[in-house]
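Student: If you scroll down you'll find the structure; I have some questions about it.
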Amino acid sequence: METTLDIPKYKMNDEEEKKEILRKYRALLRTLKSKLKPGDKENIRVAFEMAVEAHKNTRRKSGEPYILHPIAVAMICVEEIGLGVRSTICALLHDTVEDTDITIDVVKREFGPEIARIVDGLTKIANVLDANTSQQAENFKKILLTLTDDPRVILIKLADRLHNMRTLGSMNREKQLKIASETVYVYAPLAHRMGLYTIKTELEDLSMKYMEPDSYRYIALKLEKTKRDRTRYINDFIRPIKEKLSQSNFDFEIYGRPKSIHSIWNKMKKKGVSFEEVYDLFAIRIILNSPTEREKEDCWKVYSLVTDEYIPAPERLRDWLSNPKSNGYEALHTTVMGPQGKWVEVQIRTRRMNDIAEKGLAAHWKYKEGTTEENRFDNWFQQIRDMLASQDTNSIDFLQDFKVSFLAEEIYVYTPKGDVKMLPSGASALDFAFAVHTMVGEKCIGAKVNHKLVPLGHILRSGDQIEIITSTKQKPKSEWLKLVVTTKAKTKIKDSLKEEKRAIAEEGKIILHRKLDHLGVSMSQSNLDEIATYYKLNSSLDLLYDIAVRKIDLKELKEFQVLGDKISAPKIIKTLVEEKSDVSHKNQNKKDTELIIFGESSDKIMYTLANCCKPIPGDDVFGFITQGEGLKIHRTNCPNAARLLSNYGHRVVKTKWVKNKEISFLTGIKIIGLDDVGVINKITNLISGTLKININALTIEAKEGLFEGNVKVYVHDKDELEELVKNLQDLPGIESVERYDTE
Ligand code: MN
């Protein structure tokens, strides 16, 4: 795979290199020019020279001098995020404290406490991210802590990540997968949440390029091929609107913008349609130069002109003028019926709104200066700080929770009095109750949405009005955890459950105390831990609780050894044996082990194929060390891949397939075509006759002249599967042939 990605090999002599560095540095200064105040240039120069000196002996994986990286990151900060002089200095220095002898004190002495604090924040992030033994979720939490200190830390970090993604081609495949999945899982949503739409889109596209190179190339090629037709269509669409806007004396810009490869791919997957069937491959954007006081009015006037020309789909009107998104996004979106009966999305916004959409937070600040408007980011940051303060530090669900609570799209709902509450999409009535007040959540027995009674888990939609019904007798239940998505609700429910558990555990304490007295040992923590471990429980609280509810009866305590005040569990190899038999049971065939090689060496390890994505030899895969189930092989485009890779990157093992024709794998193929006499015969003849592939099961369903066939076959590897798919596609009357994962 690496060979097909474009990696420019770096070849320059020292003199050329120096010139290149200076050229890039001067370009940076030029871009900053309008923001430079007296003395700034000198400060930047000092930072630049400091960074040059610090990185003078280092090179990047691509072979180029390391200093080009901080310069590029600074350039992204200025040009693409709209940050200023101080951020430029921080970006230039962002890797110095981490990688070289320069200390934070030196930075502080030279540039003052503000810059030192940001560089320190960036350094901490680098530290935690490089320690591959600790969990990435834990690291991310630290990023958030520094983020809420100063948002510029995260903006510079995003610039850093963007440049690393742009230059990812020179990394090895394993690193590429890890970084790309982390990017799509955490950084792209973060960029989105900060309002940096352009950067978010590029991060997603770049991640996809590495995680699903085939699909990426496929769509990129299709876009290229259809470009001319699209441009012609866009021009036809725009022409009458342009005339109308000019007649009405608007100062405007109008153009068609292709949607990103990643978002097209998402649509194809979500709706199960082909590239040709994705109707919104592009959007039309109208940008107005309107004075602040007329912004809203002008946008609606333009909306009216557009919908005079083309008929709108009423359910697809999005008004983010009256209710901006919490990341600051404002615009009016509508979808109209264009020429040739095609649906086209039109986005209407002003220059100011466009700046905010593209540069997010930084632009927001620019326009906020001198006004007293409350910063909606302050609100968001405060919520994150609250969450970090209340979270269990060892929660593995943290990243997932955070994503749902803070990075998801949001909905607006109303209290009976008409107050607006913002919740992540997917939030339930119970989430709403907890958002109103913890007490309301804990006592909630039901809700009325738009005056209709609904269950607690009812999913809310934008615009709903919710009334919560409470009862003093109600208390949180463990099932509630499945009904909520917000961190606040989850945390509060867990807290309350824990309290109840503790009360129940008291009884278990008395029982255990009696038993231990009998053995002549005390209730010391180490004794409790020993017993808890024996029963495979996570904590002594779980142990006491399980004793109280009679889940364990402590019979086995008799077999414990007593040494002074200490007891120790009998050393039975039972657990080991169990695990072993478990693994070999799942490896139905011992020869399997010879199919995959891990890492660089030719070590052969036991593994199982993940059930979620059913890899077959030849698929792009990675190995994942599970807890208790040994190594599992997943496809890199497995629905779980991004989550696994970004949460547990350190548990990922490089793998490659080895040819083996003795074992075959079950996989499914879905065939759609015209319902013709003898079609089943043709298909089965091809599969088992011509290609000599074994069929495990075959179902055909015919409806209104079309048939859908599901065939389960045994293939040896991806090549064989692809050949089969190709041959099937060539049969007359076949519409589509697709692989699917068998259950
Ligand atoms: Mn860096």
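The values are calculated or read from the model by the stated rules, or taken from the named source; none is laboratory data. Please read these numbers as outputs of a predicted model, since none were measured by experiment. Positions of Cβ are backbone-derived with ideal geometry, glycine not excepted, and every protein chain shown enters the neighbour counts. We work out accessible area using only protein heavy atoms, side chains counted, and drop any ligands, DNA or RNA first. Shrake-Rupley method; radii C 1.70, N 1.55, O 1.52, S 1.80 Å.
Student: Could you please state how large a percent of the accessible area of segment 495-559 is carbon and sulfur, counting protein chains only and using a 1.4 Å probe?
Tutor: 49
Student: What is the extension gain from GLU629 to GLN474, computed as 0.36 nm multiplied by their sequence separation minus the C-alpha to C-alpha distance, in nm to one decimal?
Tutor: 51.8 nm
Student: Another question about this same structure. Using a 1.4 Å probe, what is the accessible area per residue for segment 185-329, in Å²?
Tutor: About 50 Å² of surface per residue is accessible.
Student: Another question, then. Let me test this: with uniform point scatterers at the alpha carbons of segment 439-484, what is the Debye-based log₁₀ I(q)/I(0) at q = 0.15, 0.18, 0.32 1/Å?
Tutor: -0.37, -0.53, -1.25
Student: Keeping all protein chains in place, calculate the accessible area per residue for segment 495-559 (probe 1.4 angstrom), answer in Å².
Tutor: 62
Student: A further question follows. Could you please state how large a percent of the accessible area of segment 665-740 is carbon and sulfur, counting protein chains only and using a 1.4 Å probe?
Tutor: Summing carbon and sulfur atoms, their accessible area is 48 percent of the total for segment 665-740.
Student: Related question: Averaging over every viewing direction, what projected area does the convex hull of the Cα atoms of segment 15-217 cover, in nm²?
Tutor: So the Cα hull casts an average projection of 11.7 nm².
Student: Can you give me the long-range amide H partners of THR608? Hydrogens built in the peptide plane at 1.01 Å from N, cutoff under 5 Å, separation of 5 or more residues or another chain.
Tutor: The answer is LEU631, LYS632, ILE633.
Student: Sorted from largest down, give the three principal axis spans of the alpha carbons of segment 495-559, whole angstrom values.
Tutor: 35, 20, 20
Student: Are there any trypsin sites (Lys or Arg not before Pro) in segment 298-364 that are in a DSSP loop and have at most 14 other Cβ atoms within 10 Å? List them by number. Intermediate results must be reported in sequence, preceding the final value.
Tutor: On the way: sites: LYS301, ARG316, ARG318, LYS325, LYS342, ARG349, ARG351, ARG352, LYS359; in loops: LYS325, LYS342.
Filter output for segment 298-364: LYS342.
Student: What ratio of Cα Rg to 2.2 N^0.38 Å holds for segment 180-316?
Tutor: Here the answer is 1.24, to two decimals.
Student: Output ³J(HN,Hα) for segment 101-117: one whole-Hz value per residue in order, computed from phi by the Karplus curve 6.51 cos²θ - 1.76 cosθ + 1.60 with θ = phi - 60°, and x for Gly and Pro.
Tutor: Couplings: 7, 5, 9, 4, 4, 4, 4, 5, 4, 7, 10, x, x, 4, 5, 4, 5 Hz.
Student: For segment 15-217, with all protein chains present and a 1.4 Å probe, just round the carbon and sulfur fraction of the accessible area to a whole percent. Intermediate results must be reported in sequence, preceding the final value.
Tutor: Working: 4100 of 8260 Å².
Carbon and sulfur: 50 percent of the exposed surface of segment 15-217.
Student: Hand me the trypsin sites (Lys or Arg not before Pro) from segment 429-480 located in a DSSP loop with no more than 16 other Cβ atoms within 10 Å, in residue order please.
Tutor: ARG461, LYS473, LYS477
Student: Moving on to the next point. Might you tell me the accessible area per residue for segment 665-740, computed with a 1.4 Å probe and given in Å²?
Tutor: Per residue, segment 665-740 has 56 Å² of solvent-accessible surface.
Student: Which whole-Hz couplings ³J(HN,Hα) result when phi for each residue of segment 201-207 is put into the Karplus expression 6.51 cos²θ - 1.76 cosθ + 1.60, θ = phi - 60°, listed in order with x for Gly and Pro?
Tutor: Going residue by residue, I get 4, 5, 4, 5, 4, 5, 4 Hz, with x marking Gly and Pro.
Student: Could I ask something else about it? Tell me which trypsin sites (Lys or Arg not before Pro) from segment 485-540 have a DSSP coil assignment and no more than 13 other beta carbons within 10 Å of their own.
Tutor: Filter output for segment 485-540: LYS536.
Student: Hey, can you grab everything whose amide H is under 5 Å from the amide H of VAL653? Only 5+ residues off in sequence or another chain; H modelled, so Pro and N-termini drop out.
Tutor: For VAL653, the qualifying residues are GLY623, PHE624, ILE625.
Student: What is the magnitude of the charge dipole of segment 15-217 about its Cα centre, with +1 placed on the Cβ of each Lys and Arg, -1 on the Cβ of each Asp and Glu, and no other charges, expressed in debye to the nearest 20?
Tutor: For segment 15-217, the charge dipole is close to 440 debye.
Student: Using each residue's phi in segment 211-221, evaluate 6.51 cos²θ - 1.76 cosθ + 1.60 at θ = phi - 60° and report the 3J(HN,Hα) Karplus result to the nearest Hz, with x for Gly and Pro.
Tutor: Calculated HN-Hα couplings, in order: 7, 9, x, 5, 5, 4, 5, 4, 6, 4, 5 Hz.
Student: Report, by chain and number, residues whose modeled amide H sits under 5 Å from the one on ILE411, excluding near sequence neighbours (fewer than 5 apart, same chain).
Tutor: LEU423, SER425
Student: Could you quote the convex hull projected area for segment 665-740, Cα atoms only and averaged over all directions, in nm²?
Tutor: If you wrap the Cα atoms of segment 665-740 in a convex hull and average its projections, you get 4.3 nm².
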